[in-house]
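First comes the structure, then the notes that go with it.
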């Protein structure tokens, strides 16, 4: 019996020890879970993220600079060719040459025309001689009629011969003049002062009638041609100056004319502006006509860097909600009304006076604690 009691007490002690081991394991597990839970709330213990901020300032309408594509061009540009075809004898200019009004630029071989002209001039002389003889004969016959030596019929025949001879002389003169004009047109002269921008033929080539041989662009003042919406074109004033962006520079252009005709295909009205030569732009450059205009929609300006792309292609900004140590980020959906350079005009689920993150949104996350580094109101 004593031995059985000892065995029972031994078993009880082992049970107590086992219970203690299980209790320690449970306590350790609970402690671990609490530690894990505590580790998940670490962000509250981390210092707030410093962010650049701006203040929402709503306006009833937005003043913007609308930009319309335009092309800088010379006021005059001509593709020069010969009216009649022939063999080119000389091309006296090359691409890039500056020429003056009236300068000879190219010539055709006119030897055949010169020979024809010489023959025509000889025919003219002969016809004129016959006309002079017929005139003298008519004067003599008139004297004889007055004296009664010849009939009036004979006088009429002589007068007709004189008129015919005079007509033949005029025809011969016209033929000679036509050949002279053809010789003159076998020379290309500069119709205005400009720059040669293209040379299509060289000496010895056969040029077809009207085929361009040289391209000449007028030097000096340039013009700007822009297609504008009908409403914008109607507000322009001839003679006023307007801003134009060409490359990295901004120049002034004076409105010369507005066609007032709506292009059915492009749905635009053409406007032409004069650009002074000293502006430093070149023909052929693409430009942007800058016109101040108003967006008739309530909204606010924000830097492009404040935008964060949301779901389904929508945009949002991060608003700083709360105050003090409780400041956290809240995403708010917005709509882009207008984009201009490095800023955007927005509307959306924000209130006037709220503070939003203006830059560095790639580091931000919803609910994140932040600290405003600076505040500004975008213009």
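The values are calculated or read from the model by the stated rules, or taken from the named source; none is laboratory data. Keep in mind that this is a model prediction, so the values were computed, not measured. Because the Cβ atoms are built from the backbone with ideal geometry, glycine has one as well, and the counts that use them run over all protein chains shown.
Any residue at all in the range 69-88 that is more than 30 Å from residue 266 (Cα to Cα), touching a strand residue (DSSP E or B) at 6+ places or on another chain (Cβ under 6 Å), surrounded by fewer than 18 Cβ atoms within 10 Å (Cβ to Cβ) and at pLDDT 85 or above?
Yes: the range 69-88 contains one or more residues that are more than 30 Å from residue 266 (Cα to Cα), touching a strand residue (DSSP E or B) at 6+ places or on another chain (Cβ under 6 Å), surrounded by fewer than 18 Cβ atoms within 10 Å (Cβ to Cβ) and at pLDDT 85 or above.
Look at the range 211-226 and say how many of its residues are surrounded by fewer than 19 Cβ atoms within 10 Å (Cβ to Cβ) and either over 30 Å from residue 108 (Cβ atoms) or in contact with a helix residue (DSSP H, G or I) (Cβ under 7 Å, 6 or more places away or on another chain) (or both). Working first, answer last.
Residues of the range 211-226 surrounded by fewer than 19 Cβ atoms within 10 Å (Cβ to Cβ): 211-212, 215, 219-221, 225.
Narrowing further to those that are either over 30 Å from residue 108 (Cβ atoms) or in contact with a helix residue (DSSP H, G or I) (Cβ under 7 Å, 6 or more places away or on another chain) (or both): 220-221, 225.
Within the range 211-226, residues that are surrounded by fewer than 19 Cβ atoms within 10 Å (Cβ to Cβ) and either over 30 Å from residue 108 (Cβ atoms) or in contact with a helix residue (DSSP H, G or I) (Cβ under 7 Å, 6 or more places away or on another chain) (or both) number 3.
Just one of 237, 206, 183 is surrounded by 14 or more Cβ atoms within 10 Å (Cβ to Cβ) and either farther than 30 Å from residue 118 by Cα or not assigned by TED's automatic domain parsing to the domain that holds residue 70 (or both); which is it?
Values: 237 fails: surrounded by 14 or more Cβ atoms within 10 Å (Cβ to Cβ); 206 fails: surrounded by 14 or more Cβ atoms within 10 Å (Cβ to Cβ).
Of the residues listed, the single one that is surrounded by 14 or more Cβ atoms within 10 Å (Cβ to Cβ) and either farther than 30 Å from residue 118 by Cα or not assigned by TED's automatic domain parsing to the domain that holds residue 70 (or both) is 183.
Output yes when any residue across the range 228-241 is over 16 Å from the mean Cα position of the chain (by Cα) and in a strand (DSSP E or B), and no when none is.
yes
So which residues in the range 309-347 are under 34 Å from the mean Cα position of the chain (by Cα), outside any strand (DSSP E or B) and under 16 Å from residue 357 (Cα atoms)?
310, 342
When only residues in the range 115-133 that are under 55 Å from the mean Cα position of the chain (by Cα) and surrounded by 13 or more Cβ atoms within 10 Å (Cβ to Cβ) count, which is farthest from residue 184 (Cα to Cα)?
116
When only residues in the range 348-379 that are part of a strand (DSSP E or B) and more than 19 Å from residue 48 (Cα to Cα) count, which is modelled with the lowest pLDDT?
Step one: of the range 348-379, the residues part of a strand (DSSP E or B) are 348, 355-357, 369-376.
Among the residues that remain, those that are also more than 19 Å from residue 48 (Cα to Cα) are: 348, 376.
Values: 348: 89, 376: 56.
The selected residue is 376.
Looking at the range 114-127, is at least one residue modelled with pLDDT of 80 or more, under 30 Å from residue 199 (Cα atoms), part of a strand (DSSP E or B) and in the same structural domain as residue 193 (by TED's automatic domain parsing)?
no
Could you look through the range 63-104, keep only residues that are within 18 Å of residue 182 (Cβ to Cβ) and in a strand (DSSP E or B), and pick out the one that is nearest to the chain's Cα centre (by Cα)?
To start, the set of residues in the range 63-104 that are within 18 Å of residue 182 (Cβ to Cβ) comprises 80-90, 104.
Remaining after also requiring in a strand (DSSP E or B): 80-81, 86-90, 104.
Numbers: 80: 27, 81: 30, 86: 40, 87: 40, 88: 38, 89: 40, 90: 38, 104: 35 Å.
So, considering only residues that are within 18 Å of residue 182 (Cβ to Cβ) and in a strand (DSSP E or B), the one nearest to the chain's Cα centre (by Cα) is 80.
Go through 144, 216 for me and flag whichever is within 30 Å of residue 69 (Cβ to Cβ) and either in contact with a strand residue (DSSP E or B) (Cβ under 7 Å, 6 or more places away or on another chain) or part of a helix (DSSP H, G or I) (or both). Even if it seems obvious, please write down each step before you answer.
Working: 144 fails: within 30 Å of residue 69 (Cβ to Cβ).
Every option except 216 fails the conditions.
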